[in-house]
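*Asks:* Before anything else, here's the structure in question.
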Amino acid sequence: MARRTMIEAIRDAMDVMMARDDNVVVFGEDVGYFGGVFRATQGLQAKYGKSRCFDAPISELGIVGAAVGMAAYGLRPCVEIQFADYMYPGYDQIVSEAARLRYRSNGDFTCPLVVRMPTGGGISGGQTHSQSPEALFTHVAGLKTVVPSSPRDAKGLLIAAIEDPDPVIFLEPKRLYNGPFDGHHDRPVTPWSKHELGEVLDGHYIVPLGQAAIRRAGSAVTVLAYGTMVYVALAAAEETGVDAEIIDLRTLVPLDLDTITASVRKTGRCVIVHEATLTSGFGGELSALVQETCFHHLEAPIQRVAGWDTPYPHAQEWDYFPGPARLGRALLETMEQ
Amino acid sequence: MFGWNRLFRKAQTCFGWGGRDYDGDAMAENAPLSLHVPEPEVRPGGTPDFSSVRIPKAGSVARPEVDAEPESIRDLAYSIIRVLNRSGEAVGPWAGLLSDAELLAGLRHMMTLRAFDARMLMAQRQGKTSFYMQHMGEEAVSCAFRMALEPGDMNFPTYRQAGLLIAGGYPMGDMMNQIFSNERDPLKGRQLPVLYSSKKDGFFTVSGNLATQYIQAVGWAMASAVKHDTRIAVGWIGDGSTAESDFHAALVFASTYKAPVVLNIVNNQWAISTFQGIARGGSGTFAARGLGFGIPALRVDGNDYLAVYAVAKWAVERARRNLGPTLIEHVTYRVGAHSTSDDPAAYRPKTESDAWPLGDPVIRLRNHLILRGAWSEERHKQAEAEILDSVITAQKAAEQHGTLHAGGKPSVRDMFEGVYAEMPPHLRRQRHEAGV
């Protein structure tokens, strides 16, 4: 057990899996010699050799497409898309190929593939380094979509993803790489070394896909969050004094509906928060599910707090980002209903 | 900033303008631009004309060593490797690889594919399936190539390489079960007809989205190299879809990692209604696309069974010896419609296929075998009848298990299976809701 950053935990997961299974290969832009622009693969090439961890040409289509072929061969590729914002050229290979090999070939070919992508904003990255495209994956049959929120979960979820027999989209909230950022951009962030979820077990362990975690038990309102918004929600609850139950979904597909349902039936209220744009965001799906499963328990309309329906801005980042103030207002409004 | 300033000054010098001294009259001296949109030489109503297709004499193209430097064989991307001449003789350095028995087997494969296609086209018209795609005129490409491969090698085909299955001995009945989406369909009714899949036969699941398989073939080959395996991959693509980014990604990756892969382009002249010039642009030939990537690129007469086999053998050996990828352009002609949803009379002269200068692959191989004394007109007619019988027998057996709208079909439950290895809760709920 040691305290690690989320990057160190992610690297540790790949290290553990590369050591255990020589079918695991890692590649992407700047991933080999240099170890990735966020350093997630640092040292892996030196340790496992150039044919297990290598640099790829700047072609997201090529990276995902080649990985699909490798997975069909029997390898377990874990590839990096440098920023989720760069994913779109590879999207066809994810949606039409990776997600469907098993189905369309009746299990003759399968695609045990992990596509890692740093996601989300809060780093002054503007529209091309800040997007949260999770709903573009949750909408696709055949994919699993994971969003960890801590070093401990990141390692266990990534190992589970690499071992999974199906393609997994692994979205890493990059604002959480160094600490549990809660949306207060004008304050220093607690480093993971001082946070209990920065404690990462050594060696192999998994956090099963499809299991949510309750980050704060409460009785007044259920907050559904994932990634960076988990800490925004914790801050909002503390600052408003609303006794919120905060659920960290961790996996969006498959979704832990049982945990959500049990909580909302208990609290009678639900606020959903994500960084991605509002319209057709994953929050819409969550809202529909809560309405379908908890209608008779609801004492207030379900609220969604999300990024505005604009491209991710640069100078106006903190007006766009759904921080603790906005979420706090939503919590208070929900309690007034 | 230095760069911008320098560029700006250079622009001022080159184009004779500076921020304040902009001279509108100077611009007016430039002629207006116009857009170039390539057109085929002939459209419906015209007389077919392939005089612009330069066809070298059979046997005239040299056969380099398989480890030749790509730089030294660039001319192969602009020529056409041919073995069978007009008299039906096999000539030149690419000839002499196949025995009578092998050639007779090849002839039978092509004839089987043609008979199979004819029956399935008819079955589609009879409403037994929704859709079909035939190979007429292109049979040699996939049938001959298949014979150059070893067990375990993996093809990443398009929808027009069923010859890989026929020549590989895959049961026709299973192909028909897939086409009819019946209760024996190996793909459980999930896939459009002819998008077969058979891992054990080296036939990757056909996507139906164009070109995606090309980079996957490279990835599979890279995996084989990572594992120090001896198996190779083969990518397939049509002339039209070489325009997709997947094609270019495949060439970059194949070139960078020297992947043990053979990359085939089947240039059958037509991408549905779009003539090959729209995808080819100004590159002269499709094979020439490989040159910028340093990939050896060959053009072959795709209607010449012997030439396709010889070139396939050469490229497969390169891959097997870890010498890297090869790009092959098979020059052929799509005699039939693109699919049962297409009518070529709307975009090309009806008699164009008769004018195609590389002839019919079945007739050319038949004539060659007769010349060798291994075959005769009578035996050919007899073989045609036998093959048709075997196709009809297989079809009757397949139809016992249902056709698209009649008889046995895959269960609705099958629709929910196989999305994931293990069915997640939300799909279980939906299956329950559907009542299955």
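Values quoted throughout were computed directly from the atomic coordinates according to the rules given, and no laboratory measurement underlies them. The model shown is predicted, which means the values in this text are computed figures rather than measured ones. Backbone-built Cβ (ideal geometry, glycine too); neighbour counts: all protein chains shown.
*Asks:* Helix-derived [θ] at 222 nm for chain B: sum -39500 (n - 2.57) over DSSP H runs of at least 4, divide by residue count, nearest 500?
*Replies:* Dividing the helical sum by the residues of chain B leaves -11500 deg cm²/dmol.
*Asks:* Here's something else I'd like to know. Per-residue mean of other chain beta-carbon atoms within 10 angstrom of the beta-carbon, peptide B:223-229? Show your work: numbers first, answer last.
*Replies:* Values: counts 12, 5, 1, 11, 8, 1, 2.
Per residue, the average neighbour count from other chains is 6.
*Asks:* For chain A, what is the calculated [θ] at 222 nm in deg cm²/dmol (nearest 500), taking -39500 (n - 2.57) for each run of four or more DSSP H residues and dividing by its residue count?
*Replies:* -9500 deg cm²/dmol
*Asks:* Then there's this: Name all residues of segment B:304-321 having a backbone nitrogen under 20 Å from the label point set 7 Å from the Cα of residue B:374 along its Cα→Cβ direction, giving them as ranges.
*Replies:* Those under the cut-off are B:304-314.
*Asks:* If the only charges are +1 at each Lys and Arg Cβ and -1 at each Asp and Glu Cβ, what is the size of the charge dipole of chain A around the Cα centre, to the nearest 20 debye?
*Replies:* Working: 29 positive and 41 negative charges, 100 e Å.
Its charge dipole is roughly 480 debye.
*Asks:* Neighbour counts of other C-beta atoms within 10 Å: give me B:247, B:145 arranged from fewest to most.
*Replies:* Least to most surrounded, the residues fall as B:247, B:145.
*Asks:* Using amide H atoms built in the peptide plane, which far-off residues or other-chain residues are under 5 Å from residue A:272 H to H?
*Replies:* It is A:224, A:303, A:304, A:305, by chain and number.
*Asks:* Multiplying the sequence separation of residue A:279 and residue A:336 by 0.36 nm and subtracting their Cα-Cα distance, what value in nm do you get?
*Replies:* The residue A:279-residue A:336 span can extend by a further 18.0 nm.
*Asks:* Hey, any idea what Rg/Rh is for segment B:304-436, computing Rh the Kirkwood way over Cα pairs?
*Replies:* Using Cα coordinates only, the ratio equals 1.13.
*Asks:* Could you order the peptides A:216-228, A:187-199 from most to least packed, using the average number of other C-beta atoms within 10 Å per residue? Before the final figure, lay out each step's value.
*Replies:* Values: A:216-228: 23.2, A:187-199: 15.4.
Most protected by this proxy first, the peptides run A:216-228, A:187-199.
*Asks:* Taking N as the number of residues in the protein assembly as shown, what value does Rg over Cα atoms divided by 2.2 N^0.38 Å take?
*Replies:* After normalising by residue count via 2.2 N^0.38 Å, the value is 1.09.
*Asks:* Compute the distance in nm between two label points, each set 7 Å from the Cα along the Cα-to-Cβ direction, one at residue B:63 and one at residue B:209.
*Replies:* Between residue B:63 and residue B:209, the label points sit 4.1 nm apart.
*Asks:* Taking only C-alpha pairs under 8 Å that are 6+ residues apart, what is the relative contact order of chain A in percent?
*Replies:* Relative contact order of chain A: 16 percent.
*Asks:* Same structure, new question: Averaged across the residues of A:98-104, what count of C-beta atoms belonging to other chains lies within 10 Å of each residue's C-beta?
*Replies:* If you average over the peptide's residues, the count of other-chain Cβ atoms is 6.
*Asks:* Give the relative contact order (percent, whole number) for chain B; include only Cα pairs under 8 Å separated by 6+ residues.
*Replies:* Computed value for chain B: 22 percent relative contact order.
*Asks:* So if we plug the beta-carbon distance of residue B:72 and residue B:102 into 1/(1 + (r/R0)^6) with R0 = 30 Å, what FRET efficiency do we get, rounded to 0.05? If you can, show how the numbers build up before the last one.
*Replies:* On the way: r = 31 Å, r/R0 = 1.02.
Using R0 = 30 Å, I get an efficiency of 0.45.
*Asks:* Moving to a separate point now. Which shape class applies to segment B:173-332: rounded if a/c is under 1.5, otherwise prolate when a/b exceeds b/c and oblate if not, where a ≥ b ≥ c are the square roots of the Cα gyration tensor eigenvalues?
*Replies:* In terms of gyration-tensor shape, oblate.
*Asks:* Taking all pairs of different Cα atoms in chain A, averaging 1/r and flipping that mean, what Kirkwood radius in angstroms comes out?
*Replies:* Working: mean 1/r = 0.0500 Å⁻¹.
Computed over chain A, the radius equals 20.0 Å.
*Asks:* If you don't mind, another one. Taking springs between alpha-carbon atoms closer than 10 angstrom, which of A:150, A:263, A:105 fluctuates most in the Gaussian network model of chain A?
*Replies:* A:105
*Asks:* While we're here: Give me the percent of DSSP beta bridges within chain B that run antiparallel, rounded to the nearest 5.
*Replies:* Values: 5 of 27 bridges.
Restricted to chain B, the bridges split so that about 20 percent are antiparallel.
*Asks:* State the percent of C-alpha pairs, over all pairs in segment B:286-361, separated by a distance greater than 16 angstrom.
*Replies:* 61
*Asks:* If you place +1 on the Cβ of every Lys and Arg, -1 on the Cβ of every Asp and Glu, and leave all else neutral, what size is the dipole of the protein assembly as shown about its Cα centre, to the nearest 20 Debye?
*Replies:* 1120
*Asks:* While we're here: Residue by residue through B:250-261, how many Cβ atoms from other chains fall within 10 Å of the Cβ on average? Display every interim value, and only then the final one.
*Replies:* Numbers: counts 6, 1, 6, 8, 1, 1, 5, 6, 0, 2, 0, 1.
The shielding value for this peptide is 3.
*Asks:* Can you give me the Cα centroid spacing of segment A:35-56 and segment B:276-329 in angstrom?
*Replies:* 33
*Asks:* For B:334, B:74, what ranking results if the residue with the fewest other Cβ atoms within 10 Å of its Cβ goes first? It would help to have the intermediate numbers written out before the result.
*Replies:* On the way: B:334 26, B:74 15.
Least to most surrounded, the residues fall as B:74, B:334.
*Asks:* Which of the peptides B:268-279, B:417-428, B:373-384, B:169-180 is most tightly packed, and how do the rest follow, going by the mean number of other Cβ atoms within 10 Å of each residue?
*Replies:* B:169-180, B:268-279, B:417-428, B:373-384
*Asks:* Further question on the same structure: Any idea what Rg and Dmax come out to for chain B if you just take the C-alpha atoms, in Å?
*Replies:* Rg, Dmax (Cα atoms, Å): 24.9, 86.
*Asks:* Quick check on packing: order A:68-75, B:293-300 by the mean number of other C-beta atoms within 10 Å, highest mean leading.
*Replies:* A:68-75, B:293-300
*Asks:* How much net charge surrounds residue B:153 when only other residues with a Cβ under 10 Å from its Cβ are counted (Lys, Arg +1; Asp, Glu -1)?
*Replies:* So the environment of residue B:153 carries a net charge of +2.
*Asks:* Still on this structure, please answer the following. Taking a ≥ b ≥ c as the square roots of the eigenvalues of the Cα gyration tensor of segment A:113-226, is the shape rounded (a/c under 1.5), prolate (a/b larger than b/c) or oblate?
*Replies:* In terms of gyration-tensor shape, rounded.
*Asks:* Can you give the Rg to Rh ratio of segment A:186-309, both from alpha-carbon atoms, with Rh computed by the Kirkwood formula? Please report the intermediate quantities before stating the final value.
*Replies:* Working: Rg = 15.0 Å, Rh = 15.3 Å.
That ratio is 0.98, to two decimals.
*Asks:* Could I ask something else about it? Under a 5 Å amide H to amide H cut-off, with H placed in plane at 1.01 Å, what residues pair with residue A:145 once short-range neighbours are removed?
*Replies:* A:169, A:252, A:253
*Asks:* Tell me the relative contact order for segment B:198-319 as a rounded percent, counting alpha carbon contacts under 8 Å between residues six or more apart.
*Replies:* RCO, segment B:198-319: 23 percent.
*Asks:* Please report the antiparallel percentage of the DSSP beta bridges confined to segment B:240-394, to the nearest 5.
*Replies:* 15
*Asks:* Would you mind telling me the antiparallel percentage of the DSSP bridges in the protein assembly as shown, rounded to 5?
*Replies:* 20
*Asks:* Grab the beta carbon distance between residue A:217 and residue A:184, set R0 = 25 Å, and tell me the FRET efficiency rounded to 0.05.
*Replies:* FRET efficiency, residue A:217 to residue A:184: 0.60.
*Asks:* For every other residue with a beta carbon closer than 15 angstrom to the beta carbon of residue B:349, add +1 if it is Lys or Arg and -1 if Asp or Glu, then tell me the sum.
*Replies:* Details: positive: B:43, B:334, B:348, B:350; negative: B:39, B:41, B:49, B:343, B:352, B:354.
Here the count lands on -2.
*Asks:* Using the Cα centre of chain A as origin and beta-carbon charges of +1 (Lys, Arg) and -1 (Asp, Glu), tell me which of A:170, A:65, A:13 is placed farthest towards the positive end of the dipole.
*Replies:* Sorting the options by dipole projection puts first A:13.
*Asks:* For segment B:197-296, what is the charge dipole size about the Cα centre, in debye to the nearest 20, if Lys and Arg each add +1 at the Cβ and Asp and Glu each add -1 at the Cβ?
*Replies:* About 240 debye.
*Asks:* Just grab the label-to-label distance for residue B:416 and residue A:201, each label 7 Å out from Cα along the Cβ direction, in nm (one decimal).
*Replies:* 3.4
*Asks:* I need B:203, A:295, A:137 ordered by Cβ neighbour count within 10 Å, fewest first.
*Replies:* If I rank by nearby Cβ atoms, fewest first, I get A:295, B:203, A:137.
*Asks:* Note down the nm distance, to one decimal, between modelled labels 7 Å out along Cα→Cβ at residue A:47 and at residue B:317.
*Replies:* Modelled inter-label distance: 4.4 nm.
*Asks:* Can you compute log10 of I(q)/I(0) for segment A:81-175 with the Debye formula, treating each Cα as one identical point scatterer, at q = 0.17, 0.25 Å⁻¹?
*Replies:* Each listed q maps to, in turn, -0.72, -1.31.
*Asks:* At a Förster distance of 35 Å, what's the computed FRET efficiency of residue B:405 paired with residue A:91, Cβ-Cβ distance as r, to 0.05?
*Replies:* The calculated FRET efficiency here is 0.50.
*Asks:* Among B:153, B:75, B:343, whose mean-square fluctuation peaks in a Gaussian network model of chain B (Cα, cutoff 10 Å)?
*Replies:* Greatest mean-square fluctuation among the candidates belongs to B:343.
*Asks:* Between A:157, A:101, A:252, which gets the highest mean-square fluctuation from a Gaussian network model of chain A, Cα cutoff 10 Å?
*Replies:* Taking springs between Cα atoms under 10 Å, the residue moving most is A:101.
*Asks:* Using only Cα atoms, tell me the angle between helix A:60-73 and the longest principal axis of chain A; keep it within 0 to 90° and round to the nearest 10.
*Replies:* For A:60-73 against chain A, the angle is about 70 degrees.
*Asks:* Give the shape of segment B:173-212 as rounded, prolate or oblate, defined through the alpha-carbon gyration tensor: a ≥ b ≥ c are the square roots of its eigenvalues, a/c under 1.5 means rounded, and otherwise the shape is prolate if a/b is larger than b/c and oblate if not.
*Replies:* Values: a/c = 2.44, a/b = 1.40, b/c = 1.74.
Oblate, because a/c is 1.5 or more while a/b does not exceed b/c.
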